[in-house]
Amino acid sequence: MTPELSSSTPEATLKRAVPDSLSCAHCGLPVPDAVVGSAAERHFCCSACELAHELIHGAGLGAYYERRDALPTRSGAARDTGGSYREYDDPSFRARHVTHAGADARLELFLAGIHCTACVWLVERLPRVVPGVRSASLDLGRSALDVTFDEARVLPSAIARALAVLGYPPHPSLVTQREGERRAERALLVRLGVAGALAGNVMLMALALYSGAAEDAPYAALLRGASLLLTAPAVFFCGSVFLRGAGAALRTRTPHMDLPISIGILAGFAQSAHHTLFGRGEIYFDTLAVLIFLLLVGRWLQQRHHRAAQGALDLIAALAPATARLVDGEGRRDVPAQAAPVGALVEVRVDERLPIDGIVVAGRSSIDSAWLTGESLPEEVKPGDRVYAGTTNRGQTLLLRVEGAGTATRLARLLESVESAQTRRAPIVRLADRVAGVFVIVVLALAAGTLVAWSFIEPTRALDHAVALLVVTCPCALGMATPLAVSAALKRAARAGIFFKGGEFLEALARPGTLAFDKTGTLTEGRLALVSFEGDPGVKALVSAAENGSGHPIARALVAAFGPAPNLRAESVREEPGRGLVARVAGHEIRVGSRAHVEGSSAASTLPWREALAAAAELGRPAVAVAVDGAVRAVAAFSDPVRSDAPASLESLRRRGYAIALLSGDQPRVVDAVAAELGPMVEARGGLLPEEKQAWVERARRDGPVVMVGDGVNDAAAMAAADVAIAVHGGAEASLGAADVFTTVPGVGKVLEAVVGARRTLAVIRRGIWFSLAYNAIGVVLCMAGRISPLLAALLMPLSSLTVVTSALRARTFDPPPREDA
Amino acid sequence: MTVLFVVLPLAVVLSISAALAFAWATRRGQFDDLETPAVRLLCDDINERPRSLDPHPPRSPS
């Protein structure tokens, strides 16, 4: 059984069209020929899928297969990791992740592979699958499952194992750390609701006053008094958000939108309260209450989007390898990765990520460190070699001696440098806040001017007109323009598969500057593909049959290029790490591998195959020779192909005024070849260390904004140093941690979409700000002319807000995909 | 119009109760996730006999 073969090839998604009889009954991926049973009613691509299918049917939940409207994605296919999740029962784990409510214990788990509505249905039936679980409730937006269970009846590890078998490998969340944020969001929502209720009632009373229905003094006094009573909590409870913000802005002497808002609210409230108590003069309670309500709506939307992005990052952080399989005298047991003692032995199986830094003690394998170093080819390792946490074991099971764990790993040190670089980055002052700074000064000057001018014309009305100006210019539309446009844009972006960690990156991304790209996995596919094949085409089927069971990238590339060979079966397949593969197919001995590997048998050939291998090596391309029964019959060369959308997308970005640079850790000649395909660049450099990339970005920032696009941990430091960091899909978890923007769809096309969308959003924000300033200008003129009334103010303010809201929500920022003329 | 002296406080009391109910629901977390409940509704329950199956029973008590 070869789960890694069927569930992790990128081609798998393209092969979905194969007939049902050959696709896995659980995950829908094609079933490898080797495991197709002729008599079976259902076929499975791997034992894990079979187990998941059996489990789902056994619990009477077979309806899952009818409900689902999407097949699991590549990472979502059931992949029983075989983990025992024993560490979930550890007291230290429980202390960190399990909370108690009465007799029940609560645990929040992030689930990988949640992909459709049927997943919600299936996962929430967990109490049927695992006795002792009381309830399971999934938050689809965050992929987080809240499990309540009886600790006396079920262990956390049993819950985790069941979820892993169903195809949703769980990762513990630190829900307690986010509890404060959640409470803050709820508190804001309560304020919003209360403000809405108060505003509605105050508006009704204002309507009675405006319509003149309450002409008689006692009724008017009643309505005005009640308005005061209801507006007071709106200002001091609901509006405290703005008052506190204004206080902070004053203390730190930084302009902030809260400052003009608070001045308007407080001046209007103080004067209206004074007028109410003395029973004469105008009141603005309705305008103030509605103002606070609308501003809170904007604030709440902003916060909600911020949390959504934060949740996605938590999920990614939880995916890092957390456990190590320790081997000692008592056998194997799982321990938290950071608790693995130096000198202990740790086992790492095929396709598992290394939890620690260590030295290979036993086993020969290939290590895929594209994640860490950007090197596109797996590295062969043998006993005595050093390997690093975060890389993936691709060959066979390895036994490692721990050299460093937890914070002592190379990965942890790299992440630390990311964090320190992030704190050094200057905060981006938001456009609206910059406007607010000028706004406060202008409005206060205008109010003072009105006061002075009217004290000559009509001294008793001077203060009224000045306060009316402050109320009318209270920047409701201005305060909502940015949050609404940003949150609407972020929502549209998320639907298009682009996630922004914060609205300020929209602004930074819209400015033209340098776009620095990583190569592997960003501009290229991040996997090997056959680029040339010289020799006898008749050997293709034999090679495909021989390589079918191997997980080596070259083997996968060969099988993908030649297609499966259903009639041929390989026997006595033997892989020699770092050299090649030997097998018997249809009575022939097939050798595929390096020069040394093939020469070991015989070198007889009519082909200039040694020269062909050398020529490929000259281009930085891995190549293999194919020998059949001791005679070399063909030579195949491979490379990591450039993504099909990359050249056009880069050209489009160049036309928008961005300079393109290519920074890679791969060999310089490979980088040169890729750069040649992609058109003019300001710089294309290979062989860079992570530290050198970071230095390059820091140098480039002196000339203008730098956007770093990458997907590997080796980019993380450079990403943190850049003005905006974009992580493209398929990238490492840690780079997503350092990224400001990340995409769920691979390719450079999304980078282009993000840039275009950011520019459109900024245009919408500017439009909103101009709209609201125009309305304010009208209000100012009316106030200074002494022609404003509370009714006019009550009409003008929501009208301006409505214009801005409509313009922000209807703007097509991120959809449809950018056209060339956009 | 004297009815205003009764109706107005009544309206205020009603609004306050609505605001309190909203605050209660919010603090209980009913507005934390606005996406999943909509999906959950689509999946009506099917009552079949439950059965448990732990594919990897713990080999020894820990």
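The values are calculated or read from the model by the stated rules, or taken from the named source; none is laboratory data. These numbers were taken from a predicted model, which means no experiment stands behind them. Here the Cβ is made from the backbone with ideal geometry for all residues, glycine too, and neighbour counts use every protein chain on show.
Figures for the structure shown
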quantity: Residue within segment A:610-619 that is under 24 Å from residue A:395 (Cα atoms), outside the structural domain of residue A:668 (by TED's automatic domain parsing) and without any contact (Cβ under 8 Å) to a residue 12 or more places away in the chain present; calculated: yes
quantity: Residue check, residue A:255 in contact with a helix residue (DSSP H, G or I) (Cβ under 6 Å, 6 or more places away or on another chain), buried (at least 19 other Cβ atoms within 10 Å of the Cβ) and closer than 30 Å to residue A:160 by Cβ; calculated: no
quantity: Strands (runs of 3 or more DSSP E) enclosed by segment A:487-583 - at least 2 residues per element that are under 30 Å from residue A:598 (Cα atoms) and in contact (Cβ under 8 Å) with a residue 40 or more places away in the chain; calculated: A:529-535
quantity: Residue within segment A:213-235 that is surrounded by fewer than 17 Cβ atoms within 10 Å (Cβ to Cβ) and in contact with an Asp or Glu (Cβ under 9 Å, 6 or more places away or on another chain) present; calculated: no
quantity: Residue that is nearest to the chain's Cα centre (by Cα), among those in segment A:781-796 that are outside any helix (DSSP H, G or I) and surrounded by fewer than 16 Cβ atoms within 10 Å (Cβ to Cβ); calculated: A:789
quantity: Selection status of residue B:25, facing chain A (nearest Cβ under 8 Å), at pLDDT 75 or above and surrounded by 11 or more Cβ atoms within 10 Å (Cβ to Cβ); calculated: no
quantity: From A:460, A:473, A:482, A:450, residue being surrounded by fewer than 16 Cβ atoms within 10 Å (Cβ to Cβ) and not aromatic (Phe, Trp, Tyr); calculated: A:460
quantity: Tally, over segment B:33-53, of residues that are buried (at least 16 other Cβ atoms within 10 Å of the Cβ) and either part of a helix (DSSP H, G or I) or modelled with pLDDT of 75 or more (or both); calculated: 4
quantity: Matching residues in segment A:672-687 - criterion: being farther than 21 Å from residue A:513 by Cα and either surrounded by fewer than 22 Cβ atoms within 10 Å (Cβ to Cβ) or over 29 Å from the mean Cα position of the chain (by Cα) (or both); calculated: A:672, A:673, A:676, A:677, A:686, A:687
quantity: Condition broken by residue A:512, with the remaining ones in (1) over 28 Å from residue A:700 (Cβ atoms); (2) in the same structural domain as residue A:721 (by TED's automatic domain parsing); (3) surrounded by fewer than 17 Cβ atoms within 10 Å (Cβ to Cβ) satisfied; calculated: (1)
quantity: Elements of type helices (runs of 4 or more DSSP H) contained in segment A:182-297, each with 1 or more residues being within 13 Å of chain B (Cβ to nearest Cβ) and not aromatic (Phe, Trp, Tyr); calculated: A:217-233
quantity: Selection status of residue A:669, modelled with pLDDT of 85 or more and surrounded by fewer than 21 Cβ atoms within 10 Å (Cβ to Cβ); calculated: no
quantity: Segment A:446-471 residues that are free of Cβ contacts under 8 Å to residues at least 12 places away in the same chain, paired with ones that are surrounded by 14 or more Cβ atoms within 10 Å (Cβ to Cβ) (beta carbon under 7 Å, 6 or more apart); calculated: A:455/A:462
quantity: Every residue from segment A:141-159 that is more than 10 Å from chain B (Cβ to nearest Cβ) and part of a helix (DSSP H, G or I); calculated: A:156
